[in-house]
Amino acid sequence: MSVVLSEDFLRQLEHLALVTRRPVAGHLRGHHRSRRTGVGMVFTDYRPYSQGDDTRNLDWGTYMRLDRLILRLFEEEADLPIYIFVDVSKSMGLGEPGKLDFARRFAAALAYVGLINHDRVSLVAFSDGVLSEMPARRGKNQMWRTLHFLERLEPQGGTSLQNAFRKFFGARRTRGLVIVASDFLDAAGFEPAFQVIRRFGHDVFAAHVVSPEDREPPFGDDVVLVDSEDGSSLKAHLTPELLDSYRKGFARYCTEIEAFCRSHGWGYLRADTDAPFEQLMMHALRHEGLLR
Amino acid sequence: MNAYTLSPLLVGAAVAAAVAAVVLLYLLRPPARNQSVSSNLIWQRVLETYRRVSDRWRWWLSLLIASVACVCIVVLAVARPGTDASAGSGKAIVVVDNAPTMATRTSSGGQRFEVAKQRALSLIENFPAATQVMVVDTQRRLVTPAFESRKDAVETVTALQLGQSYQPIVPSAVAFVPAERRYVVTDGVLLGAPPSDFVAVTVFEPANNLGITAFDFNNVPGDPARREAFVEVFNAGSEPRSTEVVISGIGEQRVTREISVPANGVSAQVFDLSDFTGGPIRAALTATEDGYPADDVAYGYLASRRIVRVTLVSGPGLEFLSKSLRAQPRVRLNVISPQRYMDQKVDEAVATDIYVFDRFVPSEPPAAPSLVIAAKPAGWLPARAGDASYPDVLATDGRHPVLRNLSLRDLYVETGSYLQPEEDRSTTVLLRGDEGKALAVAHDGAKRWVALGFDVADSNFGLLPAFPLFLGNSINWLADEPEIVRAQPGIVAVPFRDARVLAMDGAVLPVTTVDERSFFEAAQPGLYTAIGNDRPLRITVNLLDRRISNVNQSAVPVAAAPAEAGSVSAVPFGLSALLLMLAAGLLCVEWFAYHRRITV
């Protein structure tokens with residue numbers, strides 16, 4: 001399935017950049033603050049000169065006054081490692097518009113923003129584990145690879161955020177921005193999974209993909225609710241009272257995720273698939289502080 | 001519980017079929033469609049907090065059970081069950097009270113008896129088809145009750161008529177007939193409480209009733225020319241009521257009085273009938289909305305003659321005889337000597353109603369009925385059959401009017417003469433002495449006479465209390481006043497055989513003769529005339545009984561009747577209706593549970 005982004009929309013995205021609230025730890029020069037000192041524009045500190053330091057950063061005025069060699073340190077600007085996780089579990093295959101389709105477009109848009117800003121963009125498709133991974137890419141010309149990766153994604157398997165994060169971050173990953181596009185319908189819960197990310201110090205932005213069917217079940221009377229991921233079934237007589245309880249329960253679940261993210265200073269966006277996509281990207285994400 | 005209209009096998013089959021149909025429909029209901037959802041995670045949370053799915057299936061199971069129960073109840077209701085635990089297909093006895101008080105009107109306008117027949121028919125129709133039913137009435141109109149099919153029993157009950165006996169009974173023989181079910185359909189007024197092994201089905205319903213409970217005539221003491229009627233009116237209702245009492249005689253003779261009778265009380269009234277010439281008298285009430293009209297009328301017979309002219313033909317000596325005769329009511333006594341009697345002219349003899357010959361017997365029959373004391377041989381009297389000396393006196397026929405209410409056990413006769421009456425139907429031996437010889441004879445012919453074979457002075461007869469009664473009875477009988485017999489409706493006995501009984505409208509009633517008495521059935525209060533021995537006997541048939549007029553005094557309370565009567569029609573709505581209401585309730589519960597979707 002192709003991922004379609006209009007030309008106008010791409011042009012608008014070119015004016016945006018992904019933002020992280022934390023200093024990044026990129027290895028390459030970029031436009032994001034990092035905790036390392038080096039070549040940069042923003043003064044951060046002094047330290048005594050040691051052999052091998054760049055003499056261009058010596059503070060000659062101090063030397064004249066104190067007769068000591070003091071080196072001026074500058075905050076190094078690095079690139080931003082962006083890890084975009086796309087949930088491709090079977091539950092993402094449901095909904096109209098489809099949640100996976102939405103997630104693909106969402107990931108493509110953010111990846112485009114990152115690529116054009118020379119951030120390192122990695123794409124990870126996961127369900128009950130990491131299914132496929134696009135290694136870190138930089139530069140606008142990597143966009144076609146990104147789209148190609150996304151187009152090949154198909155819904156499969158169950159959802160295990162924890163397994164996916166643990167497996168991906170089990171390898172050494174530079175601290176960066178983790179963007180998760182998922183419906184977060186994980187039987188094991190989302191908290192243990194997010195704790196894995198938190199342990200590695202990444203900044204997280206959770207895009208909660210919600211289809212209208214998840215939000216407002218359209219069916220009634222006697223149904224057998226079949227879980228799209230594990231095939232388990234629940235026999236129920238859907239009364240108005242029960243449907244109302246479900247709506248409240250789903251809203252409570254969304255609130256729990258948002259509250260968890262907010263409590264850790266992370267971003268959260270409830271992405272309804274039936275909402276205008278471009279408006280969502282241009283306004284909601286800027287409002288949430290992911291884009292500027 | 002047992003189904004009466006269907007056999008247990010059929011009811012069981014119907015229930016099984018209905019249950020099978022319900023279960024089949026339940027199983028054939030559209031299955032729940034599969035609906036794929038992203039995850040059951042939220043659903044499980046909601047259901048855990050709302051209700052377990054298993055609870056839902058238990059609820060569905062309970063609804064299925066409710067449906068099955070509902071259908072079973074409907075089937076049982078259609079089968080019209082009863083609650084008699086002992087009900088089976090055996091035998092049943094249904095006693096229908098057809099006592100006269102069952103003619104009391106009910107609020108629906110019909111009679112209690114009609115309601116009783118409907119109840120009895122309902123009972124019988126609800127018995128199992130193979131039940132043998134014995135229909136018994138309390139008036140013995142059904143002479144030989146027997147077990148019969150339900151159909152025949154229905155016809156028997158339908159043809160049953162009210163009886164006239166005011167002493168209804170449940171035949172004791174019925175108690176020894178084995179039967180699984182025994183019912184008495186009654187109002188409990190005259191029959192009283194039914195036997196303990198019978199289930200009472202009451203048809204009692206309170207009713208307004210005013211009735212005449214006493215009606216009699218008396219002469220005013222000291223003035224034989226005046227006569228009064230005594231009327232007692234009883235109010236069986238719970239409210240005071242007013243009515244008009246009308247006493248009417250022959251022609252235009254009529255007395256009317258408006259009276260008020262307290263609730264459950266009586267009003268005693270005395271009417272002056274001095275202006276009435278005598279003969280049949282009718283007392284009637286004109287109360288409206290009277291539940292039992294049979295006691296609203298009463299009949300009597302007022303003697304035509306007020307004064308009886310008696311001539312005592314006696315010599316000097318027996319003063320007490322003349323005094324005793326004068327003491328008799330209505331008697332105007334004239335005492336003459338035998339010589340005067342012999343010399344009297346014809347017109348003087350016509351002025352005498354009764355002669356009393358004391359130790360004197362004319363050779364020719366007197367012109368009027370006569371009482372002969374110490375009879376001597378004469379052509380018109382029995383011949384002498386020997387001397388009597390200290391005989392053992394025995395009253396032979398206490399039913400004869402002359403000996404009515406007399407006790408002659410202490411009669412002691414010293415000397416006298418036996419009489420030898422002719423053996424014919426008109427002559428009756430009143431007293432017998434030794435060897436059955438006649439001491440006193442009565443002759444009922446063209447001119448009545450009574451002859452004593454002994455002198456009152458030669459016996460203690462004059463000293464006995466029975467003597468003035470004997471004189472009174474003799475005068476009444478000799479005066480040829482029609483004899484009056486009082487009776488209640490029902491079988492009435494006439495003291496002679498082969499009587500011819502006429503009703504007030506002149507209709508001849510069928511009569512049965514047993515031994516020396518005749519019997520006829522007086523269906524309703526009235527005046528009847530029995531003719532035999534060439535003399536009429538007046539029979540007044542009246543209820544005149546407060547137990548009868550009190551139609552609200554039932555021994556079977558209304559409140560207790562439904563519980564005892566149990567099954568069918570003693571309750572305003574039967575068990576079938578109760579079952580149907582229960583089924584409707586279950587349907588409402590099921591509808592509410594299903595359509596209100598309180599399930600999960």
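The values are calculated or read from the model by the stated rules, or taken from the named source; none is laboratory data. What you are looking at is a predicted structure, and each value in this text was computed from that prediction instead of being measured. Neighbour counts are summed over all protein chains in view; Cβ atoms, including those assigned to glycine, are modelled from backbone coordinates with ideal geometry.
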Taking B:Thr106 as the residue in question, decide whether it is surrounded by 17 or more Cβ atoms within 10 Å (Cβ to Cβ) and closer than 22 Å to B:Ala523 by Cα.
yes
Of everything in the stretch B:15-43, what is within 7 Å of another protein chain (Cβ to nearest Cβ) and not charged (D, E, K, R)? Give them in sequence order.
B:Ala32, B:Asn34, B:Gln35, B:Ser36, B:Val37, B:Ser38, B:Ser39, B:Asn40, B:Leu41, B:Ile42, B:Trp43
Among (1) within 22 Å of B:Asn552 (Cβ to Cβ); (2) of a type in the set (Gly, Ala, Ser); (3) free of Cβ contacts under 8 Å to residues at least 60 places away in the same chain, the one test that B:Ala214 misses
(3)
Across the stretch A:122-151, what is the number of residues that are closer than 18 Å to A:Ser182 by Cβ and part of a strand (DSSP E or B)?
10
What are the pairs, 6+ residues apart or on separate chains, where a residue within the stretch B:420-434 that is assigned to a loop (DSSP other than H, G, I, E, B) has its Cβ under 6 Å from a residue that is among the small types (Gly, Ala, Ser) and buried (at least 22 other Cβ atoms within 10 Å of the Cβ)?
B:Pro421/B:Ala438; B:Gly433/B:Ala388
Among the residues of the stretch A:92-112, which ones are touching a strand residue (DSSP E or B) at 6+ places or on another chain (Cβ under 8 Å) and either surrounded by fewer than 24 Cβ atoms within 10 Å (Cβ to Cβ) or among the small types (Gly, Ala, Ser) (or both)?
A:Leu94, A:Ala103, A:Ala107, A:Ala111
Tell me the strands (runs of 3 or more DSSP E) entirely within the stretch B:468-550 that contain at least 2 residues that are free of Cβ contacts under 8 Å to residues at least 24 places away in the same chain.
B:511-514
Away from every other protein chain (no Cβ under 14 Å) and under 20 Å from A:Ala206 (Cα atoms): is that true of A:Arg105 in this structure?
yes
Those residues of the stretch A:182-210 that are outside any strand (DSSP E or B), touching a residue at least 60 places away in the same chain (Cβ under 8 Å) and more than 7 Å from chain B (Cβ to nearest Cβ) come to a total of 7
Going by the conditions given, is A:Lys167 of a type outside the set (A, V, I, L, M, F, W, C), under 20 Å from A:Ala17 (Cβ atoms), more than 14 Å from chain B (Cβ to nearest Cβ) and over 16 Å from the mean Cα position of the chain (by Cα)?
no
If you check B:Phe230, B:Phe234, which single one turns out to be modelled with pLDDT of 90 or more and farther than 26 Å from B:Val115 by Cα?
B:Phe230
The residue from A:Arg252, A:Arg262, A:Arg247 that alone is in contact (Cβ under 8 Å) with a residue 12 or more places away in the chain and basic (Lys, Arg) is A:Arg247
I'd like to check which strands (runs of 3 or more DSSP E) are fully inside the stretch A:220-292 and have at least 1 residues that are away from chain B (no Cβ under 11 Å) and in contact with a Phe, Trp or Tyr (Cβ under 7 Å, 6 or more places away or on another chain).
A:267-272
So the strands (runs of 3 or more DSSP E) completely within the stretch B:234-352 holding 1 or more residues that are crowded, with 19+ Cβ neighbours inside 10 Å and in the same structural domain as B:Pro366 (by TED's automatic domain parsing) are B:308-314, B:331-336
